[in-house]
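The values are calculated or read from the model by the stated rules, or taken from the named source; none is laboratory data. Everything quoted here is computed from the prediction, not taken from an experiment. All Cβ positions, even for glycine, are placed from backbone atoms using ideal geometry, and neighbour counts span all protein chains on display.
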Amino acid sequence: MKSVSTIKEENVMSEENIKSQKEKLPFAKNEVYRLMRDNLDADKMIKDRVKVEMNRFLYSILVNVCRQLNEYPYTTVDYEMLKECIYPYTNIEKINEEKQRILMHLDAIKADCDALAMDVERSMKLKDTAERDTFADFTADEDGQ
């Protein structure tokens, strides 16, 4: 016998199924599901909402790529243009590695700047002290004359 909470969950899931079936998705839901199934571990279960959101996500990527392709002044879209537009999506790992490298380099530059600032502070303190001492000695010499 099913518990009340299980029955409620099934009702909610069936309502979501009805809503998603009424929605117009850009790609065939079964095809997106098949591709996900091919690339996920066998023990993973895919909820219906995930299938729908993956479908929408793939569509948003397609729209973004097409928007970039429209920026070209040419009437024909060629492969090189496509490669340039999909580069951020196909090379995300390389881009993240480059980002990490740049951030590490910036941290090293910050450390160098901090060290230089400390050196300047130290030299200014020494210079200020030396000037005060000279000024004090000079004042003493003037008073004495």
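Which members of region 68-82 meet the condition of being among the polar types (S, T, N, Q) and surrounded by 11 or more Cβ atoms within 10 Å (Cβ to Cβ)?
The one that is among the polar types (S, T, N, Q) and surrounded by 11 or more Cβ atoms within 10 Å (Cβ to Cβ): Q68.
Out of (1) assigned to a helix (DSSP H, G or I); (2) exposed (fewer than 15 other Cβ atoms within 10 Å of the Cβ); (3) touching a residue at least 24 places away in the same chain (Cβ under 8 Å), what's the single condition that is false for V65?
Just one mismatch for V65, condition (2).
Against the conditions (1) in a helix (DSSP H, G or I); (2) within 20 Å of T90 (Cβ to Cβ), where does V77 fall short? Just the number, please.
All conditions are met except number (1).
Return the only residue of A115, A136, A130 being modelled with pLDDT of 90 or more and either out of contact with any helix residue (DSSP H, G or I) (no Cβ under 7 Å at 6 or more places or on another chain) or basic (K, R) (or both).
Going through A115, A136, A130 in turn, just one is modelled with pLDDT of 90 or more and either out of contact with any helix residue (DSSP H, G or I) (no Cβ under 7 Å at 6 or more places or on another chain) or basic (K, R) (or both): A115.
When you look at Y89, is it assigned to a helix (DSSP H, G or I), of a type in the set (F, W, Y) and at pLDDT 95 or above, yes or no?
It is false that Y89 is assigned to a helix (DSSP H, G or I), of a type in the set (F, W, Y) and at pLDDT 95 or above.
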